[in-house]
Ligand SMILES: Nc1nc2c(c(=O)[nH]1)N[C@H]1C(S)=C(S)[C@@H](COP(=O)(O)O)O[C@H]1N2
Ligand SMILES: [Mo]
């Protein structure tokens with residue numbers, strides 16, 4: 001798995017985009033898979049908690065409207081699950097990179113990501129469901145990829161509960177396992193955040 005990760009990192013690039021399709025090619029009914037962390041009803045007082053790197057700062061508590069205020073991007077691509085299925089799907093949301101830049105997150109200086117100063121970036125982004133029943137860690141390079149979205153729409157409609165309402169991660173450069181549904185908390189770290197499937201013997205990086 002470490003060898004796979006090394007190979008995947010050699011061809012990873014922020015300018016290397018996942019193949020996209022026409023909107024008409026997207027499945028009208030997207031497949032559902034995996035209910036860890038989303039078995040209970042969506043919390044009525046749901047907010048996206050974003051921990052500030054400095055632990056003395058209060059975390060940000062954001063609403064879905066805050067995410068929708070960022071530029072909206074849509075992507076139609078082939079979603080791939082390691083269990084052996086894939087499907088062309090149409091997602092919409094804010095770029096994670098725009099989100100980090102707008103709120104000045106993901107860096108030690110607190111200035112927001114700067115391509116000229118990658119040393120300032122934390123190495124990983126951690127995401128968890130509100131009940132912590134599912135959790136993933138993402139390397140910062142993949143988090144900043146232009147096709148990585150904080151998604152709130154599927155086929156032009158608000159995401160439904162089984163697909164991760166109100167907000168999920170769509171990260172086309174990774175297998176489905178990393179596309180955490182129902183994000184409750186986001187944080188940043190230099191150590192690998194815990195990861196649900198990596199703890200169960202799967203590859204941590206799972207790059208495509
Ligand atoms: N909260 C949560 N997110 C999750 C999972 C899960 O079990 N719980 N499963 C993952 C896996 S293995 C896949 S393939 C995709 C499936 O997303 P979908 O149900 O929208 O097809 O969600 C991912 N995100
Ligand atoms: Mo999956």
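Any read-out appearing in this document is the output of simple, stated calculations on the displayed coordinates, not a laboratory observation. Only a predicted model underlies this, so the values are computations on that prediction, with no experimental measurement involved. Note: ideal-geometry Cβ built from the backbone for every residue, glycine included; neighbour counts use all protein chains shown.
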For a quick check of your reading: which strands (runs of 3 or more DSSP E) sit entirely within the range 143-208 and have at least 2 residues that are within 14 Å of ligand 2 (Cβ to nearest atom) and touching a strand residue (DSSP E or B) at 6+ places or on another chain (Cβ under 9 Å)? 168-170
Could you tell me which numbered condition residue 91 fails, if it satisfies all but one of (1) within 19 Å of residue 206 (Cα to Cα); (2) under 15 Å from the mean Cα position of the chain (by Cα); (3) within 12 Å of ligand 1 (Cβ to nearest atom)? (1)
Check every one of the strands (runs of 3 or more DSSP E) wholly within the range 42-132 and list those with 1 or more residues that are exposed (fewer than 13 other Cβ atoms within 10 Å of the Cβ). 60-62, 85-95
Take the residues in the range 161-174 that are over 11 Å from the mean Cα position of the chain (by Cα) and within 9 Å of ligand 1 (Cβ to nearest atom), then tell me which one is farthest from residue 42 (Cα to Cα). 163
